2 protein chains.
Amino acid sequence: MLNQTNVKLGKVRSAIRELFEYGKKRKAEIGEENVFDFSLGNPSVPAPEEVKSELMRLVSQSDPVFLHGYTSAQGDYSVRKALSDSVNSRFGTRLTADSLYMTCGAAASLTITLNALVNVGDEVITFAPFFPEYSVFSAHAGAKLVAVKSDPLTFQPDLAAFQSALSEKTKAVIINSPNNPSGVVYSAHTVQALADILREHEKKTGNAVYLVSDEPYRELVFDDCTQVPYIMNHYARSIVCYSYSKSLSLPGERIGYIAVNNEMEEFGEVYAGICGAGRALGYVCAPNLFQQLVKAVEGRTADISVYKRNRDILCGALTEYGYTVVKPDGAFYLFVRALEDDAEKFAEKAREYELLLVPSNSFGVKGYVRISYCVDTAMIERALPAFRKLAASYKS
Amino acid sequence: MLNQTNVKLGKVRSAIRELFEYGKKRKAEIGEENVFDFSLGNPSVPAPEEVKSELMRLVSQSDPVFLHGYTSAQGDYSVRKALSDSVNSRFGTRLTADSLYMTCGAAASLTITLNALVNVGDEVITFAPFFPEYSVFSAHAGAKLVAVKSDPLTFQPDLAAFQSALSEKTKAVIINSPNNPSGVVYSAHTVQALADILREHEKKTGNAVYLVSDEPYRELVFDDCTQVPYIMNHYARSIVCYSYSKSLSLPGERIGYIAVNNEMEEFGEVYAGICGAGRALGYVCAPNLFQQLVKAVEGRTADISVYKRNRDILCGALTEYGYTVVKPDGAFYLFVRALEDDAEKFAEKAREYELLLVPSNSFGVKGYVRISYCVDTAMIERALPAFRKLAASYKS
């Protein structure tokens, strides 16, 4: 008898992957340019030119025994020093190199963090809509994921619902802002309110609860007035799971870090737990070439103006056609109200117009579809008539 | 309350790391050239020239959106196709691209495999001496690691002891050949005997037992007559965990694969379990640049003649000085009988001569030290007088 949990996980494709596979087949049938595939969150903008030039420099000029050698499990010291300095200068924190732990991307950051924090039977809270793999990661660590609803107008967490979801078993709260799939950025007011509620809960129960921020989309905000609050400035027991997948368009290279707030009382224990969990999960170190790379290009991003343009075109057109869209702050997702109650049926209807949209059910909310606009602008322009016809079909 | 298992794991350094850290301090005190550090299994030979040229070619000539983009969770199809073809041509197997799953190196291959196979309470058998992290990986997957002794002369597994260690709870058997730390290659006779015993046990109990081969050292054998048997030719329920860390001197880049024997009855279930376990542990895909690289350089190795020379020098000299060494078939380790019963005390004594040797206790056997000879040949030559004096100190 194999491990049936993992066998099942391996057999069931996510709804997003299913749609993507359908898209591949459909493109083969009717031509690439006639299918409007908004299914995947896969950066369409190339890595910045500096990524290429720095990779060339590192490979041609470094000692290969150093460049491709093991780093310590936490990551190369000079890399962690440079990245913690960067965080400090941007957010006023006082992290040291030893507050950071380099990882193979955001998913690894989350699984390592959860395995450090969680004991079997604990609960992890997140806010719907949420990235579906949070359930998988929590379950493997031994915890139950508890989804708390958001405000149906703003998609900010529902604070009253959060308060009642907290229990004796709550060990951690995961937030994801800019959010996949809603594109919403949690405001400073929201983050402060979450922190206040957590502190009150801690005082009442005597239990430590950790705030974990999943931040692959931090750099992807398009309006100067939009600030993504840094949770360490609001809550001591905070852990940031960062990834360069989207900011540098390097999703396949798996590079990111965990930053543990060194102002929490039990910092040493938490950091040790992260080192131990990394070891137990088989993460020996993050890929060294890409550790050196992110040190060299820290602060650069791919040309995210493309995403801003895509957002503006889509958002303007869809509103004009009569769709209701959630105010799009960042990431590269647009969350659109389905034109009938059942989002799955609406997504099916959209497929008749060759529009591939992900129904919101797998993100833990009903009645929406997610549009990933990390695609060619030209495809968006070709898709607009289809969106118009889809809307019209509901009016007749 | 954090997860105390992982907190403890993160706090306790392995014996090998402890010794390495001591060595760093000692070098600062008395000079790099006066410390003979044989602690780490970190390749000292640079990656082959083709690694540099192929990395330069890939980075300069590929579309960055493809090169750094997500691959499927199993790995890029063309990479898996090329590597499975290579395995087939060398070992007469009939693997397909879909028998392989690309991983972030051997540790990831093992944790993913164990999490696919194991249910809580199962047992995993291995043979002492063994790589200490096997305990950590098995424990995280929910299994108890059962260490079976080896023949004290040949360090081949003790077949009778293996037979009695098998139980109703046995789910998997891990072998590691060429072996860390003994350097021994398990003979075709050994592997066939293990397979026969397993088949008999399966028949008796009705339970499936998987043979898992941890193969980071497969290419590191130095005598033409030494063959490392391919387990798929001996046993249907077999899984190979391969890594390029040592063969290509890329330990920090984390690239390897799991090959599942597609001739086992429940192949589809096992492969699905591996996909699911990879997902649950947070492995989204193996680093894409290095996936493309190993496809391009498959069959190449670093200049392992350096290791052969090191082995021959050390082995000859140590035997001459009166040490008893285990016949060194491969890897880059020499397993040497301690000159007193207590290997820890012997290693301490060796430190007086600035020789850093790892006592065998943490590998699950007593009375030996491990010498990692993946070091500069010049350091070995400088160390020989110290080895001679150490031996002499036991004669007086």
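Structure data summary
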{"quantity": "Rounded to whole Hz, the Karplus (6.51, -1.76, 1.60) HN-Hα couplings of region B:356-368, x for glycine and proline", "calculated": "9, 10, 8, x, 7, 3, 6, 8, x, 9, 10, x, 10"}
{"quantity": "All aspartates and glutamates inside 17 Å of B:LYS169 as judged from Cα atoms, apart from same-chain residues fewer than 8 positions distant", "calculated": "B:ASP122, B:GLU123, B:GLU200, B:GLU202"}
{"quantity": "Label-point separation in nm, A:LYS395 to A:ARG382, each point 7 Å along Cα→Cβ", "calculated": "2.6 nm"}
{"quantity": "Residue-averaged beta-carbon neighbours from other chains (10 angstrom radius) around A:95-107", "calculated": "2"}
{"quantity": "Chain B: angle of helix B:77-91 to the longest principal axis, Cα-based, in degrees nearest 10", "calculated": "60 degrees"}
{"quantity": "Cα centroid separation - region A:12-60 against region B:290-351, whole Å", "calculated": "45 Å"}
{"quantity": "Helix-only CD estimate at 222 nm, as mean residue ellipticity for chain B, using -39500 (n - 2.57) per DSSP H run (n ≥ 4)", "calculated": "-13500 deg cm²/dmol"}
{"quantity": "Cβ-Cβ FRET estimate between A:ASP98 and B:LYS203, R0 fixed at 45 Å, reported to 0.05", "calculated": "0.25"}
{"quantity": "Shape call, region A:189-287: gyration tensor on alpha carbons, a/c limit 1.5", "calculated": "oblate"}
{"quantity": "Beta bridges per DSSP with both ends in chain A, % antiparallel, nearest 5", "calculated": "50 percent"}
{"quantity": "Between 0 and 90°, nearest 10: helix B:49-61 axis offset from chain B longest Cα axis", "calculated": "40 degrees"}
{"quantity": "Solvent-accessible area per residue for chain B (1.4 angstrom probe, square angstrom)", "calculated": "37 Å²"}
{"quantity": "DSSP-defined antiparallel bridges as percent of all bridges, the protein assembly as shown, nearest 5", "calculated": "50 percent"}
{"quantity": "A:MET56 paired with B:ASP224, simple spin-label distance in nm, labels 7 Å along Cα-to-beta-carbon", "calculated": "4.4 nm"}
{"quantity": "Shape category assigned to region B:281-347 from the gyration tensor of Cα positions, a/c cut at 1.5", "calculated": "oblate"}
{"quantity": "Spin-label pair B:ILE313/B:TYR353, simplified geometry with 7 Å Cα→Cβ offset, distance in nm", "calculated": "1.7 nm"}
{"quantity": "Chain pair A, B: total accessible area buried, heavy atoms, 1.4 Å probe, Å²", "calculated": "5800 Å²"}
{"quantity": "Amide H within-cut-off set for A:LEU145, under 5 Å, with H built and near neighbours excluded", "calculated": "A:VAL124"}
{"quantity": "Portion, in percent, of the accessible area of the protein assembly as shown that falls on carbon or sulfur, probe 1.4 Å", "calculated": "51 percent"}
{"quantity": "Ordering of A:256-264, A:227-235 by burial proxy (mean other Cβ atoms within 10 Å per residue, highest first)", "calculated": "A:256-264, A:227-235"}
{"quantity": "Cα-based reach from A:LYS25 at 26 Å (exclusive), listing lysines while leaving out same-chain residues under 8 positions away", "calculated": "A:LYS8, A:LYS11, A:LYS345, A:LYS349, A:LYS389, B:LYS81"}
{"quantity": "Other-chain or far-sequence residues with amide H under 5 Å of A:THR103's (modelled H)", "calculated": "A:GLY256, A:TYR257, A:ILE258"}
{"quantity": "Shielding by other protein chains, B:256-269, mean Cβ within 10 Å", "calculated": "1"}
{"quantity": "Sparsely packed trypsin sites (Lys or Arg not before Pro) within region A:1-104, loop by DSSP, other Cβ within 10 Å at most 16", "calculated": "A:ARG13, A:ARG94"}
{"quantity": "Extension gain (nm, one decimal) between B:GLU263 and B:GLU344, 0.36 nm per residue minus Cα-Cα", "calculated": "24.6 nm"}
{"quantity": "Pairwise FRET efficiency - A:ASN34 versus B:ALA139, Cβ, R0 = 60 Å, nearest 0.05", "calculated": "0.70"}
{"quantity": "With all protein chains modelled, accessible area of B:LEU334 [1.4 Å, Å²]", "calculated": "0 Å²"}
{"quantity": "Pairwise centroid distance, computed over Cα atoms, of region B:145-195 with region A:144-162, Å", "calculated": "54 Å"}
{"quantity": "Shielding score for B:53-65, defined as the mean number of other chain Cβ atoms within 10 Å", "calculated": "4"}
{"quantity": "Eligible aspartates and glutamates near B:LYS246 by straight Cα distance, threshold 13 Å, same-chain separation 8 or greater", "calculated": "B:ASP214, B:GLU215, B:GLU219, B:ASP303"}
{"quantity": "Exposure of A:LEU58 as accessible area (Å², to 10), given a probe of 1.4 Å and all protein chains", "calculated": "10 Å²"}
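The values are calculated or read from the model by the stated rules, or taken from the named source; none is laboratory data. None of the values given here were measured: they were computed from a predicted structure. Reconstructed Cβ throughout: ideal geometry from the backbone, glycine too, with neighbour counts over all protein chains shown. Note: accessible area is taken over every heavy atom of the protein model, side chains too, but ligands, DNA and RNA are not part of it. Shrake-Rupley method; radii C 1.70, N 1.55, O 1.52, S 1.80 Å.
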